[in-house]
1. What is the set of long-range amide H partners of T30 at a cut-off below 5 Å, with H atoms built 1.01 Å from backbone N?
2. Collect residues whose amide H, placed 1.01 Å from N in the peptide plane, falls under 5 Å from the amide H of K52; neighbours closer than 5 in sequence don't count.
3. Could you work out the relative contact order of the stretch 78-141, using alpha carbon pairs under 8 angstrom and six or more residues apart, expressed as a whole percent?
4. Which cross-chain or sequence-distant (5 or more) residues have an amide H under 5 Å from the amide H of L64, H modelled 1.01 Å from N in plane?
5. Along the Cα→Cβ direction, 7 angstrom out, place labels at L129 and I117. What is the inter-label distance in nm?
6. On the protein heavy atoms, probe 1.4 angstrom, tell me the percent of accessible surface of the stretch 53-171 carried by carbon and sulfur.
7. Could you state the accessible area per residue of the stretch 188-268 in Å², with a 1.4 Å probe and every protein chain left in place?
8. How large is ³J(HN,Hα), in whole Hz, for each residue of the stretch 132-146 in order, when computed from phi with the Karplus curve 6.51 cos²θ - 1.76 cosθ + 1.60 and θ = phi - 60°, using x for Gly and Pro?
Amino acid sequence: MLSNHFVPRGLAVLACGAVLPLLAADPAPTFDFKVRTGLTAGDLRRDHDDNKAFGFAVAGRFPLGATSALNVELGFDVMPGQAHDVMPTSGSVYYRPEAPVTSYGGAPLYLSPSNSIDFRKERSQGFSLRGSYTDTLGSGSLYWFAGVSLDLHKVTAEMSGTLIPVYGEAPATAVPGYVPLDPADPASDVKDYYEGWAMAREKTKLAVGAHVGAGVALTRDFRLELTLRNIGTHHFDYRPFTYTGKAPFLEESTRRGFVFELALAFRI
């Protein structure tokens with residue numbers, strides 16, 4: 001007959017035998033620091049006139065089972081954008097706000113790149129909170145993930161321009177005429193009609209996004225990930241009178257675009 005002191009020891013051994021496999025299947029959370037670079041596409045690429053994106057993040061992996069896990073990460077994104085001219089090269093051109101017309105002396109008006117410009121620059125930066133489900137893919141070193149995000153991005157837009165409608169053949173004449181400063185030098189003339197503006201606007205907006213991707217564990221402490229994101233950002237579009245024949249206005253909208261990201265993750 002077994003001694004009484006063997007009973008608690010036997011129960012402890014059985015308990016350890018039952019718990020250890022669970023611990024092995026559900027290890028402690030791990031944390032990474034990620035450095036990202038990427039390319040943009042869609043409306044995001046068009047509005048910024050630039051395809052660059054970069055950022056960084058801190059991520060935590062919380063195991064759900066033997067191979068699956070929940071990933072949560074907080075990152076900071078930068079999409080710098082660049083200045084560009086958005087002046088249209090076709091379409092109606094208006095002047096005389098009091099009674100808009102699109103021709104002068106029977107000749108249609110147009111905007112010449114040599115004396116008109118519509119300058120825009122839009123850039124975005126801000127925070128992104130992502131949640132993803134992940135599991136292994138094929139071999140133990142490959143894995144996939146998919147999830148949603150909350151993106152809080154600040155968009156800054158700079159808008160300035162000068163539009164001078166002209167008519168006739170080259171050399172074109174500005175409408176409705178000239179006021180010569182120097183009759184011997186017509187190039188120094190001041191045009192009677194032009195439309196000009198200069199402004200800057202910014203807005204921070206929260207949008208819901210989605211992402212999917214795959215990664216590979218290079219070593220125990222380093223991983224490489226490729227992610228496709230769809231995100232929403234704010235957009236400003238100034239519409240001058242010369243384009244529409246109506247009072248100028250600033251249009252605001254939510255735009256969506258894609259980001260193709262490459263990230264290197266370091267375990268911390």
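The values are calculated or read from the model by the stated rules, or taken from the named source; none is laboratory data. Everything quoted here is computed from the prediction, not taken from an experiment. Here Cβ is always computed from backbone atoms with ideal geometry, including for glycine, and neighbour counts include all displayed protein chains. Side chains are part of the model used for accessible areas, which takes the heavy atoms of the whole protein and leaves out ligands, DNA and RNA. Shrake-Rupley method; radii C 1.70, N 1.55, O 1.52, S 1.80 Å.
1. So T30 has HN proximity to R61.
2. T40, G81
3. 46
4. For L64, the qualifying residues are A69, L70.
5. Each label point lies 7 Å from its Cα, and together they span 4.3 nm.
6. Heavy-atom surface of the stretch 53-171 belonging to carbon and sulfur, 1.4 Å probe: 63 percent.
7. Per-residue value: 54 Å².
8. 9, 9, 9, 8, 5, 9, x, 5, x, 8, 9, 8, 10, 7, 7
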